[in-house]
Amino acid sequence: MSRFSRRDFLLTTAGVVLASRLGSSAALAATPKRGGTLIGTWGGFEPQSLFVPAGGGSSPYFTSTKVVERLLRLTVDLKFEPVLALSVTPAPDFRSYTIKLRDKVTWHDGKPFSADDVVFNAMEYWKPISAGVSLVTLEAAEAVDPLTVVLKFKAPVPEFFLKSVLSGKAGLVIPKHIYAGSNIITNPINNTPIGTGPFKVKEWVRGSHVEYARNESYWNPGLPYLDKLVIRWWRDPASRSAAFEAGQLDIGTFNPIPYPEIARLTAGGKFIAETKGYANSAWIATVEFNQRREIFKKREVRQALMMAIDREFISETIFFGRAKPSVGVVHNSNSIFFTKDVQAYPFDVKKAASMLDAAGYPVKGGSRFKLSLVSAGWFEENVKMGQYVKQAFEDLDITVDLAVPDRATSLKRIYTDYDYDVAISNNTGGVELVPTTTQYYTTDGIVKGAAFRNATGYSNPELDKIVASMTVETDEPKRIALAKEFDRLATSEAPILPMVDLEPVTIVRSDVRDHSKTADFMGESWAELWLDR
Amino acid sequence: MLSLTIDFARRFARNRAALVGFALVILVIGVALAAPWLFPRNPLRIVGKPEIWPFVSSRYPLGTDSLGRDIAAMIAYGARTTLLIGVCASLTATIIGISVGATAAYFGGWVDELLMRFTELFQTIPNLIFVLTIVAILGQKIEYVTIAVGIVTWTPIARLTRAEFMSLRDREFVQACRAMGMGNLRIMFGEILPNALPPVIVLSSLVIAGAVLFESAVSFLGLGDPNVSSWGRLIGDGRTLIRSSWYICAVPGLAIMLTVLALNLVGDGLNDALNPKLRDR
């Protein structure tokens, strides 16, 4: 009974606020409505656990972020906004940061959230488990008072960098009273995570869906707007498309349906294809040249092969226009670090052929050389890209043996065994380039068996030096200049380069409102989503 | 010998459906052989605009797929792949099956027990999963797909061969051979096998049809050899376009259906021709 009266109370308050603030009916239509159930999904499968503390990919990230929050979040226009922290302020020397926390925040089990929780997260969770190399210089975390934490570092830490970590995949804040003294990674609570977020895990029906109930005591009164959130998984993009049409699905993030279906589904106006909300998890398709092979130690050969690939064709035909030819190393949606001032690789087969001739690989007996091309089989588009790139190289009279292994074998061949000459893979990076993007090029990124790192074995002291300066440069304009220098060098060296910048799409019913407002919408709490029904 | 062949042909021809099947098989073989002349370029080359429908462009009579590759060329070269894998896998299965079945039945006793338990072990593993496992371990090469299909399809042949051998091994002509001092191998393969062969041949022809389906399934799931054209792969690639350009799946699907149907009809015809008594019964 008390639940209903509380809801009535909230509705009345909302009504009063509304009546006092608004006059026109047009503005009235944009006023969020409370209630309803939203069914969401993403373009992938069920996670191994609802929350995977060490990362675990997009699927557990999607399910855990509705429950567990972070200190900050990054908006679509790349500004940091407070979530659990009201402010994060650097000291003048950038060796320490003061974090002011939000008051009157409680965990789902009713215990209060405090500075001790953040200290625990910084030292026991972020530094050793989730953030990895990002926080190696973190020395100590101290709770000054129940709502103030100071993070101390051994070296200066750029503000954008730290805030990116705190608002990124690694910065989830987990309860100390649940995890202290246990193994965070294997704690069974990860299947029913507890956080401060707008939704509580109600039930996880394995193989089908997870249901979240509204957190009635959420720190932001009135939020979330939804009564219930359901995340359901489908195994096949075509069946997601059918589910949308059958009214069984309201929103799907990260390419839920086949590309050619998008136009058909959105034609009636009942569904929208939204491309915003992916800036902080920007996907690219890469081509990688194994530096352990004698041929690819020559930069001219790598550059020539880049020029043999018609990336316009890949964007238009393979991705149905949902990708753009990459400019440099940095994704074009990255409005802070992106630059056009890098070496271009226009599609030019003749020039590529003459470059290979000059590099000492003329056509002999019908073939310049033989190479093995491994296209990672986790996306359907990679199958087609593999077939296209094979043809593009064959046009240069190179003999190509193509393999498109399944996910596990692809990871093993590319990132563990280095068993490829040229690889086609994908990766995703945030707006901040260190360490995710830079590790594809730096020497410390060469870690045998670590997926999505420097698998080419490329090592260049000059490039390492630029990245090292980026990690400690606290002056924002200087840091951006360094990033562009890194981009220029990496692009002209071309050990691994993006072929196309993917533009993931969220498919959403047109009566779902206030979605895609952050730089990584899929990993947002979805408290502000509401249904205009 | 000639009269025997004519007799065989007449009995085969009495089954009209088998004749149709035979004609279709000849057609598929013809297309497979003529592929390099009909389509002199690499069938996996991107040659035109993507998603041209069949019967629209005279250059691409069966249209183009989602990348702009000529479907007609891929079907023709796919016939080669499919038949090659089908025949080779069937041969592999037949050789393994006959060897195991014949040995088990001829020697009997613990050899029989051992080999039959071994056969059952293979029979208990779901076929498709077994094929996928073998291909995943060995790699995506056309040879490995052939071996994998051969390995999972030999068991019925082994059991049939065993049953035939069991009924023949104690006949008088075999005893006569023993009395003459013939060696085991010579009796098995020189004397018993020719008499046991007709039903085995029928089964082997059906295994070809099964192998075509297995190869298509493996390629459909993206585990086939990406360097060769294959009907199953074409269907797999076209799957995402099934709502808008369904012909990309339908054309190779039709090819698979007709080929498998034809092979089954031929199998029926062979059955009639090789076991005439069975038919009249």
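The values are calculated or read from the model by the stated rules, or taken from the named source; none is laboratory data. Just so you know, these numbers come straight off a predicted model, no measurement behind them. For neighbour counting, all protein chains shown are included, and Cβ atoms are generated from backbone atoms with ideal geometry for every residue, glycine included.
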Next on the checklist: Anything in region A:243-266 that is among the small types (Gly, Ala, Ser) and modelled with pLDDT of 90 or more? List them, or say none.
Outcome noted: A:Ala243, A:Ala246, A:Gly247, A:Gly252
Item to check | B:Leu168 surrounded by 15 or more Cβ atoms within 10 Å (Cβ to Cβ), within 12 Å of B:Ala105 (Cβ to Cβ), modelled with pLDDT of 85 or more and more than 22 Å from the chain's Cα centre (by Cα) | outcome: yes
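Let's see how each residue does on (1) hydroxyl-bearing (Ser, Thr, Tyr); (2) in contact with an Asp or Glu (Cβ under 9 Å, 6 or more places away or on another chain); (3) without any contact (Cβ under 8 Å) to a residue 24 or more places away in the chain:
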residue	(1), (2), (3)
B:Leu223	no, yes, no
B:Pro226	no, no, no
B:Gly232	no, yes, no
B:Asp237	no, yes, no
B:Trp246	no, no, yes
B:Pro252	no, no, no
B:Ala262	no, no, no
Checklist entry - Is at least one residue of region B:79-86 part of a strand (DSSP E or B) and of a type in the set (Lys, Arg)? => result no
Checklist entry - Is it the case that region A:358-370 has a residue that's more than 24 Å from A:Asp501 (Cα to Cα) and in a helix (DSSP H, G or I)? => result yes
Next on the checklist: Any residue that is within 16 Å of A:Val144 (Cβ to Cβ), part of a loop (DSSP other than H, G, I, E, B) and not polar (S, T, N, Q) - is there at least one of those in region A:50-59?
Outcome noted: no
Checklist entry - Could you count how many residues in region B:13-59 are at pLDDT below 85 and either within 23 Å of B:Leu261 (Cα to Cα) or of a type in the set (Phe, Trp, Tyr) (or both)? => result 4
Checklist outcome for this item: Across region B:34-49, the tally of residues that are in a loop (DSSP other than H, G, I, E, B), surrounded by 13 or more Cβ atoms within 10 Å (Cβ to Cβ) and not β-branched (Val, Ile, Thr) stands at 6
Checklist entry - If you take the residues of region B:190-247 that are among the hydroxyl-bearing types (Ser, Thr, Tyr) and outside any loop (DSSP other than H, G, I, E, B), which of them is farthest from B:Leu128 (Cα to Cα)? => result B:Tyr247
Checklist outcome for this item: Selection from region B:63-74 of residues buried (at least 23 other Cβ atoms within 10 Å of the Cβ) and away from chain A (no Cβ under 14 Å) yields B:Ile71
Item to check | Condition broken by B:Ala273, with the remaining ones in (1) in contact with an Asp or Glu (Cβ under 9 Å, 6 or more places away or on another chain); (2) within 14 Å of chain A (Cβ to nearest Cβ) satisfied | outcome: (2)
Item to check | Candidate set: region A:361-409, residues that are without any contact (Cβ under 8 Å) to a residue 24 or more places away in the chain and away from every other protein chain (no Cβ under 11 Å); chosen: the one surrounded by the most Cβ atoms within 10 Å (Cβ to Cβ) | outcome: A:Pro362
Item to check | Filter pass, B:Pro43 being out of contact with any His (no Cβ under 8 Å at 6 or more places or on another chain) and within 14 Å of chain A (Cβ to nearest Cβ) | outcome: yes
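Residues are listed down the side, and each one gets a yes or a no for (1) at negative phi; (2) hydrophobic (A, V, I, L, M, F, W, C); (3) in contact with a strand residue (DSSP E or B) (Cβ under 8 Å, 6 or more places away or on another chain):
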residue	(1), (2), (3)
A:Ser425	yes, no, yes
A:Val447	yes, yes, no
A:Lys478	yes, no, no
A:Thr491	yes, no, yes
A:Ile496	yes, yes, yes
A:Met499	yes, yes, yes
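Yes/no matrix, rows are residues, columns are (1) of a type in the set (Phe, Trp, Tyr); (2) in a helix (DSSP H, G or I); (3) crowded, with 18+ Cβ neighbours inside 10 Å; (4) away from chain A (no Cβ under 14 Å):
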{"site": "B:Thr94", "(1), (2), (3), (4)": "no, yes, yes, yes"}
{"site": "B:Ser99", "(1), (2), (3), (4)": "no, yes, no, yes"}
{"site": "B:Thr103", "(1), (2), (3), (4)": "no, yes, yes, yes"}
{"site": "B:Val111", "(1), (2), (3), (4)": "no, yes, no, yes"}
{"site": "B:Ala136", "(1), (2), (3), (4)": "no, yes, no, no"}
{"site": "B:Ala158", "(1), (2), (3), (4)": "no, yes, yes, yes"}
{"site": "B:Ala163", "(1), (2), (3), (4)": "no, yes, no, yes"}
{"site": "B:Phe173", "(1), (2), (3), (4)": "yes, yes, no, yes"}
{"site": "B:Arg178", "(1), (2), (3), (4)": "no, yes, no, yes"}
Item to check | Per-region count, region B:49-106, residues of a type in the set (Ser, Thr, Tyr), in contact (Cβ under 8 Å) with a residue 40 or more places away in the chain and in contact with a Pro (Cβ under 7 Å, 6 or more places away or on another chain) | outcome: 2
Next on the checklist: What's the total number of residues in region B:210-231 that are under 22 Å from B:Ser90 (Cα atoms) and within 13 Å of chain A (Cβ to nearest Cβ)?
Outcome noted: 10
Checklist entry - Within region A:474-529, how many residues turn out to be over 16 Å from the mean Cα position of the chain (by Cα), part of a loop (DSSP other than H, G, I, E, B) and either free of Cβ contacts under 8 Å to residues at least 60 places away in the same chain or more than 30 Å from A:Ile194 (Cβ to Cβ) (or both)? => result 6
